[in-house]
């Protein structure tokens, strides 16, 4: 499929491209230092205090007006420049993973969005053109649903487009002639914690006096494993036993599992979650344990805007870093992102770009943590920042392009129910980002 977008498939004006490159190149060393700082200080979701403070200080040093702790989130921030016209947002992630640090490369995501934002600021300053560009600090992508909370608190109101890019190992799922994959739908995801309450007893003297919560955990775990035979190949259910008891000679009175459920749509994910819940309800009944379920925010399936994807693909080709962009693909990335929620609210892209990593090391491995701080990764990220900046400028300056983007977005979302948008927007149970708890 080809999307005809008028001037969107043309290269950006040479003068503007020069402004973008000069802006980014003038700050290369400072961006590199910030990248190393974020990577060297990995912080978990909603605890990204060092990253937040470092980025805010970096922007203020450049005389950028920035609001720390934006939208009632302690580790979010917002910077904006310009007036009138349309609004384009760059999302910057910077949270890490437990134990293995920046194994998903969120330090690079932050740098690409910061550099892209500053480049568009430079163009707006030099041209005096109407339009606003915004840099939004989006914490807690790794399970916390930071963007879900930002949506609920109004961060994306009246926004015309949202851009961000994500690193992954080079040449995964695309040919060696490409350096990434621009149009990659992602699955939806829900997470849940299931806790069982039993009764302690001496495991040798009087085990019959106890109610074994670990038995409920193991029974539920095995039931979920059996469920997989009846699951679609595109569905995923994966989890861990996070608490199984205190000592071998004590009947465990408490057990807990943590699971994630993924499918190609929010509706399908919700249905799969019900099946998983039935596995644990059965285990609760069989073992006479009480059960409590905590559910976190829903991550919607990612719906990239085809017009914006084509624009970014064309700009990356002009830079000399060609990327795959199959707008007819039926394949979903197994990973989920809260950028999916944003893509339901505003036209968005989330291209995957490649960085060199040792063979066998994908995202969420220690090998990718090492890959995310290499010079190659940084330089590729800078190229991606240039492509995003030029795409953002086109969205601000090209009325025809903006119209096509909005028409596509409206057509894609006509069949989205208000109930579904409530879930995606973080209203209802996720309004205050409190886990929903149900006892059984």
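The values are calculated or read from the model by the stated rules, or taken from the named source; none is laboratory data. Quick caveat, the model's predicted, so the values are computed rather than measured. All Cβ positions, glycine included, derive from the backbone under ideal geometry; neighbour counts span all protein chains shown.
A few remarks follow.
- Residue within the stretch 170-184 that is in contact with a helix residue (DSSP H, G or I) (Cβ under 6 Å, 6 or more places away or on another chain), outside any loop (DSSP other than H, G, I, E, B), within 30 Å of residue 312 (Cβ to Cβ) and assigned by TED's automatic domain parsing to the domain that holds residue 407 present: no
- Lone qualifier among 194, 187, 218 - being more than 30 Å from residue 371 (Cα to Cα), at pLDDT 95 or above and buried (at least 24 other Cβ atoms within 10 Å of the Cβ): 194
For every residue, the table says whether it meets (1) at pLDDT below 95; (2) surrounded by fewer than 21 Cβ atoms within 10 Å (Cβ to Cβ).
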| site | (1), (2) |
| --- | --- |
| 274 | no, yes |
| 281 | no, yes |
| 292 | no, yes |
| 310 | no, no |
| 333 | yes, yes |
| 342 | no, no |
| 352 | no, no |
| 366 | no, yes |
| 369 | no, no |
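- Test: residue in the stretch 53-65 that is within 19 Å of residue 377 (Cα to Cα) and either assigned to a loop (DSSP other than H, G, I, E, B) or in contact (Cβ under 8 Å) with a residue 60 or more places away in the chain (or both): no
- Taken over the stretch 313-327, the criterion of being outside any loop (DSSP other than H, G, I, E, B) and out of contact with any strand residue (DSSP E or B) (no Cβ under 6 Å at 6 or more places or on another chain) is satisfied by 313, 314, 315, 316, 317, 318, 319.
- The residues of the stretch 227-270 that are part of a helix (DSSP H, G or I) and either surrounded by 13 or more Cβ atoms within 10 Å (Cβ to Cβ) or in contact with a helix residue (DSSP H, G or I) (Cβ under 8 Å, 6 or more places away or on another chain) (or both), listed by number, are 227, 266, 267, 268, 269, 270.
- Just one of (1) over 15 Å from the mean Cα position of the chain (by Cα); (2) more than 26 Å from residue 155 (Cα to Cα); (3) modelled with pLDDT of 95 or more; (4) surrounded by fewer than 22 Cβ atoms within 10 Å (Cβ to Cβ) fails for residue 397. It is (2).
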